[in-house]
Structure formats: structure tokens, C-alpha cells
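Engineer: Sharing a structure, written as C-alpha cells. Questions coming.
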Amino acid sequence: MLLFKRVMPTKQVLSNAIKHLRGSSFCFLHSAPDGYVEVHSEEQEVVIALGSNVGNRLQNFNQALQLMNKSGINISRHGCLYETAPAYVTDQPHFLNSAVRGVTKYGPHELLRVLKKIEKDMGRTNGIRYGPRPIDLDILFYGKFKIHSDILAVPHERIWERPFVMAPLMDLLGSDTENDTVALWHSLSKHSGGLFKSWEKLGGDNLIGKDGMKRVIPIGNQLLDWSQRTSVMGIINLTPDSFSDGGKFQSIDSVVSQVRLMISEGADIIDFGAQSTRPMASRISPQEELDRLVPVLEAVVKMPEMNEKLISVDTFYSEVALEAVNKGAHLVNDVSGGQLDPNMTKVVADLEVPYAVMHMRGNPTTMQNSENLHYDDVCKQVASELYSRVKDAELSGVPAWRIIIDPGIGFSKNKEHNLEILMGLPTIQAEIARKSMGISHAPMLIGPSRKRFLGDICNRPAATERDPATIASVTAGILGGANIVRVHNIRDNLDAVKLCDAMLRQKR
């Protein structure tokens, strides 16, 4: 950071100074406290931490993000969401914590004033230091500058002692140094190994999942810690032509009966699809999809068995997603990852529900074409293309803490590709982590259930005969890092889930 003592310079002196600064990364002069002139570039990359433990914590975060974007802080990346025990003053509610990364044209002290105004507008008062607050916004990094004034220190001086700040900060980085600014942030760490070393010194990922800090995803009325156990998503297709159960659930009574059975057998989520996405399936309109879906949702949300259970809608239409959530669905499961409806990511952002982003090339009609089946390294390319979809969703306003990733088993993949993905889930996560640690921590969903490649391998032409192979693939997926499994047969797959979870707990 460059700080100059305020004097009364002549016009020539100012002109010469500005000429000297042009062509470097510095372009503008701004007033700063204490009689100094603050010099910074036209646009700076910043990192801002968020905390809340008063009122509706999640809604406070949503409001703060909206106000920051409206105020000229353009958010490009989000950390995960953490529920943490209070520090310093411990007799207060638990916090939600995260951090965001973005760009702004504000100078550092102007930025501070904007954030303080947002805090005040959201009801924060000058209460107990480190005490309860509806929102807390701290500047962690500002461009490539180190700042020290009477009212602002950047990097924030307490970063290095606060796991609830360091964890979401790590999420905003990639495991590879992305650019010069990120490299400088690493150099400002108190440890020679950079920010990653500072995080490791605090305890690193070993802190996550303990009583004091949980990484969570908001879904329905819950803050779900998906690391504790694998969630089971039951499939119900409302279509006449789906490959496994097409035509079975054409009446509301049959759907209600199947939902009741799945819940009794241990399903956590029921995923309703009213549009077939099997290979070569013809596409129906949003209205036809809604005609199938809405009556079912209206019946299912009234079932007492659905208390604390979740409803997912499997659609690539934003219009369907909007109406389904308004009718009670808790998450949107999009096989296209936003590629088949340009409005999808913005609609999901406004709905403030989790968004399952799946990898697919083309559409159900073209996904198995030869050009969509060409990969040089399927795990690395799926990771790269999946991250690109997620990045688009983030830029539309879907924060990382609402993202679920799905590598798309069976979609624009052949038998060998599906096997490589099942065995390569850690590789996919590691590849995503190179660009965003936060997205690599997102829950991973897999859906191998009764897929054709299982029938080809096991010589089971009938989809209903592929449950044993499904159980084997689910087992491999969970042990490789999957957090949600999407299946037709709840009872038998749940046994596999429980065994895998027990093995993973034993390993930890």
C-alpha cells in the first residue's frame, strides 16, 4: 500500500505523479483518514468475511450479499458455509461464517465505509465487542496491498488465529496459485508456506466436523452436515417412458404409495422427474412437465411421512424449477448444469435453494453421439467442464454453499468412462480443487442406479435386475467420496450406505 502525506501540491507536481503511476497498476488518488492520500488501482480484487448469529442467520447472509452487489462489490466466488461455536465471548448463539471474493472500484477506506453502512442498515449496533450481531463484514484482503491506518488493517490482523475465518478463506483459493494477487496473499501469511501452511498450523481440515465447526449446506429448514453420513435419494419418475420405472407412477395414489414405501425404507430425499432424460428421449414442454409434476407435489407435501424429509425436482427448465419450489420442493436437480435453459441459474439463485449441477454434453438426444463421447482423460475433463458450469452458477448468484456436484454417470459417457468415474471420484475432486477449494468440498451426488452399463457388464438386460450391480457401484462411489446416492431400490442400497459410512467412521 502506498501512503503519501497530504501537502498542497502544485498542478504540475500532481500531473507528474499521475503520469508516473499510469502504466503501472495504480491509476487513481483517493482521500484516506489521517491526512494521507490513498493510491490504488481502478479495480481491485478483495476478500470479505461474513458472520451472523442474530435472527435468521442465513437470510442475513443473503441480504448482505445482495447489498454488497448493489453497492458495487461484484462477487465472483463464495466460500462454503460453516456453523461455528462463538469465540472470545462464548455465552452467545452459534455463528454462521463464510467469505466471498470479488472486485470493486472502491478504495480500501471507501470499501470499509460501504460495509459499515450495510452492517448498520441490517441492524448492527455498537454492542459488546465480539458479541452477538446480525451481520459482521470484515475486509481480509484488498488487492496486492498491505494497509495500516487508525481504522483499517489489511490483511485483517486476526485472520491467523481464527479457524472460522481461515476455513472459508481457503475455500476461495485453488490448490494451484491462480494469479499474482493470490500469490501475494500467500506471501502475507505469517508462515513461510503461505495461507495453506497457516491453515494447517491451526488444525486444517481436521477441525471440520467437530463440535466447534461444521461445514453445512442449507436445505429446507435444516443445516445439513453431509460429512457425517451419506444421504439416500429415492427416484420417482412420473414419465411413461423412463428406462427403469416408466409408466409405473401415472396416478397420484401410486406415487403416494411409493413415497411412503421409500420413506419407510430410509430415504432422505425423494427426487421427482417428469421429463425422461434417457438416451434419445424426446423433449416435452415445460407446461407438460408441470402438468405431470404439480398435482404430485401438492399431494406429497401434505404427507405426514414427509416431515423433515426433502423433495428434489429433476428438471432442466427454469419455469418448472420455479413452480416446483413454490409448491414445496427443496432443491433443484439439473442434468444439464444450466446448459439447456439460460435462465436456470438466475432463477435458482433467486429461489435460494440448493442446486445440483450435473455434467452432461449435449442433450438427451445427442449426449451419446460420438463427438460427445470423446475424452482424452475423462475424470479431468469432467472436472473441468463441471467446474465451468458451477462457475457460471456462482456468477449468477448461486453461492458455493448451495452447490451439489454430480459427475453424470451414464450421461455422455460409455461403459469405460462410467467405470473410470466411479473409480476416479477423488481425482475429480482434486482437479476441481486446483481451481476452487470450496467447490471441491461441495456434496457429491452420484446416480448409477440400474444404468445400462451395469447391465452390459453383468449381462442383465432388464433394468430391474441390476440392483446388485447398483449396490456395488454405490459402495465404490461412497468409499471414493460421494455424499448423496440416487437410487431406485432404497432398502438394499441403504444397507450398503450404512456399511460404507461405518467403515469411513472407523477410518477417521
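Engineer: Mind telling me which of the residues Asn369, Asn333 ends up being surrounded by fewer than 16 Cβ atoms within 10 Å (Cβ to Cβ) and not hydroxyl-bearing (Ser, Thr, Tyr)? Working first, answer last.
Structural biologist: Details: Asn333 fails: surrounded by fewer than 16 Cβ atoms within 10 Å (Cβ to Cβ).
Matching residue, one of Asn369, Asn333: Asn369.
Engineer: Within the bounds of segment 64-73, is there any residue that is of a type outside the set (Asp, Glu), assigned to a strand (DSSP E or B) and touching a strand residue (DSSP E or B) at 6+ places or on another chain (Cβ under 8 Å)? Even if it seems obvious, please write down each step before you answer.
Structural biologist: Residues of segment 64-73 of a type outside the set (Asp, Glu): 64-73.
Checking which are assigned to a strand (DSSP E or B) leaves us with 73.
Now restrict to residues that are touching a strand residue (DSSP E or B) at 6+ places or on another chain (Cβ under 8 Å): 73.
Yes, there is a match, as at least one residue in segment 64-73 is of a type outside the set (Asp, Glu), assigned to a strand (DSSP E or B) and touching a strand residue (DSSP E or B) at 6+ places or on another chain (Cβ under 8 Å).
Engineer: I need a count of the residues in segment 385-435 that are within 17 Å of Leu445 (Cα to Cα), surrounded by fewer than 24 Cβ atoms within 10 Å (Cβ to Cβ) and charged (D, E, K, R).
Structural biologist: Qualifying residue count for the region: 4.
Engineer: Sticking with this one: Of the residues Gly51, Gly79, which single one is farther than 24 Å from Asp392 by Cβ, touching a helix residue (DSSP H, G or I) at 6+ places or on another chain (Cβ under 8 Å) and either without any contact (Cβ under 8 Å) to a residue 40 or more places away in the chain or surrounded by 21 or more Cβ atoms within 10 Å (Cβ to Cβ) (or both)? Break it down into steps so the answer makes sense when it comes.
Structural biologist: Working: Gly79 fails: farther than 24 Å from Asp392 by Cβ.
When all the criteria are applied, what remains is Gly51.
Engineer: State all residues of segment 436-462 that are closer than 30 Å to Arg402 by Cα, open to solvent by less than 10 Å² (accessible area, probe 1.4 Å) and either basic (Lys, Arg) or not in a loop (DSSP other than H, G, I, E, B) (or both); if no residue qualifies, say none.
Structural biologist: Residues satisfying the conditions are Gly438, Ile439, Met444, Leu445, Ile446.
Engineer: When you go through (1) closer than 21 Å to Lys146 by Cα; (2) more than 23 Å from the chain's Cα centre (by Cα) one by one for Leu202, which number turns out not to apply?
Structural biologist: Of everything listed in (1) closer than 21 Å to Lys146 by Cα; (2) more than 23 Å from the chain's Cα centre (by Cα), Leu202 misses just condition (1).
Engineer: Same structure, new question: List the residue pairs whose Cβ atoms are under 9 Å apart, where the first residue sits in segment 350-364 and is among the aromatic types (Phe, Trp, Tyr), the second is in a strand (DSSP E or B) and open to solvent by less than 40 Å² (accessible area, probe 1.4 Å), and the two are 6 or more positions apart or on different chains.
Structural biologist: Here the result reads Tyr355/Leu331; Tyr355/Val332; Tyr355/Asn333; Tyr355/Asp334; Tyr355/Ile403; Tyr355/Ile404, each pair linking segment 350-364 to a residue that is in a strand (DSSP E or B) and open to solvent by less than 40 Å² (accessible area, probe 1.4 Å).
Engineer: Is at least one residue of segment 406-428 of a type in the set (Gly, Ala, Ser) and under 25 Å from Leu223 (Cβ atoms)? Lay out the reasoning, then the answer.
Structural biologist: First, the residues of segment 406-428 that are of a type in the set (Gly, Ala, Ser): 408, 410, 412, 424.
Keeping just the survivors that are under 25 Å from Leu223 (Cβ atoms) gives none.
The answer is no, given that none of the residues of segment 406-428 is of a type in the set (Gly, Ala, Ser) and under 25 Å from Leu223 (Cβ atoms).
Engineer: I would also like to ask the following. Suppose we filter segment 123-151 for residues that are more than 30 Å from Asp180 (Cα to Cα) and in contact with a Ser or Thr (Cβ under 9 Å, 6 or more places away or on another chain); how many remain? Step through it out loud before you land on a result.
Structural biologist: Applying the first criterion (more than 30 Å from Asp180 (Cα to Cα)) to segment 123-151 yields 123-135.
Those still in the list that are in contact with a Ser or Thr (Cβ under 9 Å, 6 or more places away or on another chain) too: 133-135.
The total comes to 3.
Engineer: Next question. Out of the residues in segment 316-330 that are part of a helix (DSSP H, G or I) and not small (Gly, Ala, Ser), state the one that is surrounded by the most Cβ atoms within 10 Å (Cβ to Cβ).
Structural biologist: Taking segment 316-330 as the starting set, the residues that turn out to be part of a helix (DSSP H, G or I) are 318-326.
Now narrow it down to the ones that are not small (Gly, Ala, Ser): 319-320, 322-323, 325-326.
Working: Glu319: 17, Val320: 28, Leu322: 21, Glu323: 20, Val325: 21, Asn326: 11.
The residue in question is Val320.
Engineer: Can you name the residue in segment 396-424 that is in a helix (DSSP H, G or I) and within 17 Å of the chain's Cα centre (by Cα) and, of all such residues, is farthest from Asn369 (Cα to Cα)? Explain how you work it out, then say what you get.
Structural biologist: We begin by selecting, within segment 396-424, every residue in a helix (DSSP H, G or I); these are 400-402, 415-423.
Next, from what is left, pick out any that are within 17 Å of the chain's Cα centre (by Cα): 400-402.
On the way: Ala400: 32, Trp401: 34, Arg402: 32 Å.
So the residue we want is Trp401.
Engineer: A follow-up question, please. What are the residues in segment 372-384 that are buried (at least 21 other Cβ atoms within 10 Å of the Cβ) and closer than 23 Å to Tyr317 by Cα, if any?
Structural biologist: Step one: of segment 372-384, the residues buried (at least 21 other Cβ atoms within 10 Å of the Cβ) are 378-379, 382-383.
The answer is Val382, and nothing else.
Engineer: So which residues in segment 464-508 are buried (at least 21 other Cβ atoms within 10 Å of the Cβ) and of a type in the set (Gly, Ala, Ser)?
Structural biologist: Residues satisfying the conditions are Ser473, Gly477, Ala482, Ala496.
One line per residue, one yes/no per condition, for (1) in a loop (DSSP other than H, G, I, E, B); (2) open to solvent by 80 Å² or more (accessible area, probe 1.4 Å); (3) of a type in the set (A, V, I, L, M); (4) farther than 25 Å from Gln63 by Cβ:
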| residue | (1), (2), (3), (4) |
| --- | --- |
| Leu111 | no, no, yes, no |
| Lys120 | no, yes, no, no |
| His156 | yes, no, no, no |
| Trp185 | no, no, no, yes |
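The values are calculated or read from the model by the stated rules, or taken from the named source; none is laboratory data. All values reported here derive from a predicted model rather than from experimental measurement. FYI the Cβ positions are ideal-geometry reconstructions off the backbone, even for glycines, and counts take in every protein chain you see. All accessible areas refer to the heavy atoms of the entire protein, side chains included, with ligands and DNA or RNA removed. Shrake-Rupley method; radii C 1.70, N 1.55, O 1.52, S 1.80 Å.
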